[in-house]
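Quick notes on the structure that follows.
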Amino acid sequence: MHALREPIQRYFAQNPIPDAQKADARRVFLEFRDSLTAGEIRAAQKLHDGSWHTNSWVKQGILLGFRLGTLVEFGDPNVLSFVDKDTFPARSFRAAENIRIVVGGSSVRMGAYVAPSVVCAPPMYINVGAYVDEGTMIDSHALVGSCAQVGKRVHVSAGSQIGGVLEPVNASPVIIEDDVLVGGNCGVYEGAVVRARAVLGSGVILTRSTPLYDVVRGEVYRATAESPLTVPEGAVVVPGSRAITKGKASEWGLSVYTPIIVKYRDEKTDHSVELEDLLR
């Protein structure tokens, strides 16, 4: 068990925190935030059986930081300023970290881990608790939300949103495993898991209430009370629709959106979605 877990849980359970303990609570939180930023702790981790475990105490630590923080002004009020909790300022980067933050309005919050060799195209945003692994590209106008876990060599294309799941603390965050392509204007929300090497075509939306139709294997994947919606490894998903068969909607010939697995990755798919190393 991590040494910070017990004090984080203890202070989180105290609401309000006694004045005499606030200084120590803040010290514990700042140590926690630095460990989160360094990737030493994370909101979820992959187990040996391939499943993902949510570290609820890490979410509690993030929420504790909001409770302990006070509103302050950041930046130059005469040029561009922000008002936010002093416990979660924006991160600054140095060339030695080997993280490429392209000029143009991007922001990464303290408490988010960004690995060496990640590329961030402007403007994009990575929120607290997120984990972005090596070789990944976060493209223009993309969002990586609170506690989202993004693997190695992932491409989160322009305009896509990897949703944040901070509360409730036991809820699974969104998981994007290694070598996934998230196409433009996609949305992955509510703890959905996208397994390794999957491809989400432009415009795909995944939520807990969205069934995923696999026309290759003849399966329908749904979230349950115990497990999130999961995209199988190597699946190629595109936006589709399914007919409504009851009531006026049937009479009017209406359909609703649904994601569809149309194939699984092959050599041709790999070639078409390959991200040139020159971009990194």
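The values are calculated or read from the model by the stated rules, or taken from the named source; none is laboratory data. These numbers were taken from a predicted model, which means no experiment stands behind them. Backbone-built Cβ (ideal geometry, glycine too); neighbour counts: all protein chains shown.
Check off (1) among the β-branched types (Val, Ile, Thr); (2) touching a helix residue (DSSP H, G or I) at 6+ places or on another chain (Cβ under 6 Å); (3) modelled with pLDDT under 95 for residue 103 and give me the number that stays unchecked.
(2)
Okay, residues lined up against (1) free of Cβ contacts under 8 Å to residues at least 40 places away in the same chain; (2) touching a Leu at 6+ places or on another chain (Cβ under 7 Å); (3) of a type in the set (Ser, Thr, Tyr):
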{"site": "138", "(1), (2), (3)": "yes, no, no"}
{"site": "161", "(1), (2), (3)": "yes, yes, no"}
{"site": "168", "(1), (2), (3)": "yes, no, no"}
{"site": "214", "(1), (2), (3)": "no, no, no"}
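Return the residues of segment 219-272 that are among the acidic types (Asp, Glu) and either under 22 Å from the mean Cα position of the chain (by Cα) or within 21 Å of residue 206 (Cα to Cα) (or both); say none if nothing qualifies.
Across segment 219-272, the qualifying residues are 219, 226, 233.
In segment 131-154, how many residues are part of a loop (DSSP other than H, G, I, E, B) and either under 12 Å from residue 112 (Cβ atoms) or not β-branched (Val, Ile, Thr) (or both)?
The qualifying residues number 14.
Can you tell me which of (1) in contact with an Asp or Glu (Cβ under 9 Å, 6 or more places away or on another chain); (2) at pLDDT 95 or above; (3) more than 24 Å from residue 177 (Cβ to Cβ) is the one residue 23 doesn't meet?
Exception for residue 23: condition (1).
With (1) more than 18 Å from residue 90 (Cα to Cα); (2) in a helix (DSSP H, G or I); (3) without any contact (Cβ under 8 Å) to a residue 24 or more places away in the chain as the list, and residue 34 as the residue in question, which single condition is left unmet?
Evaluating residue 34 over (1) more than 18 Å from residue 90 (Cα to Cα); (2) in a helix (DSSP H, G or I); (3) without any contact (Cβ under 8 Å) to a residue 24 or more places away in the chain leaves (1) as the failure.
Does segment 259-269 contain any residue that is free of Cβ contacts under 8 Å to residues at least 40 places away in the same chain, buried (at least 17 other Cβ atoms within 10 Å of the Cβ) and assigned to a strand (DSSP E or B)?
So the first thing to find is which residues in segment 259-269 are free of Cβ contacts under 8 Å to residues at least 40 places away in the same chain, and the list is 266-268.
Now restrict to residues that are buried (at least 17 other Cβ atoms within 10 Å of the Cβ): none.
No, because not a single residue in segment 259-269 is free of Cβ contacts under 8 Å to residues at least 40 places away in the same chain, buried (at least 17 other Cβ atoms within 10 Å of the Cβ) and assigned to a strand (DSSP E or B).
Looking only at strands (runs of 3 or more DSSP E) that fall completely inside segment 182-243, which ones have 2 or more residues that are buried (at least 16 other Cβ atoms within 10 Å of the Cβ) and touching a strand residue (DSSP E or B) at 6+ places or on another chain (Cβ under 8 Å)?
Here the list reads 212-214, 235-243.
Under 6 Å between Cβ atoms, which residue pairs at least 6 apart in sequence (or on different chains) link something in segment 14-31 that is closer than 16 Å to residue 88 by Cβ with a partner that is of a type in the set (Gly, Ala, Ser) and assigned to a helix (DSSP H, G or I)?
From segment 14-31, the pairs are 29/65.
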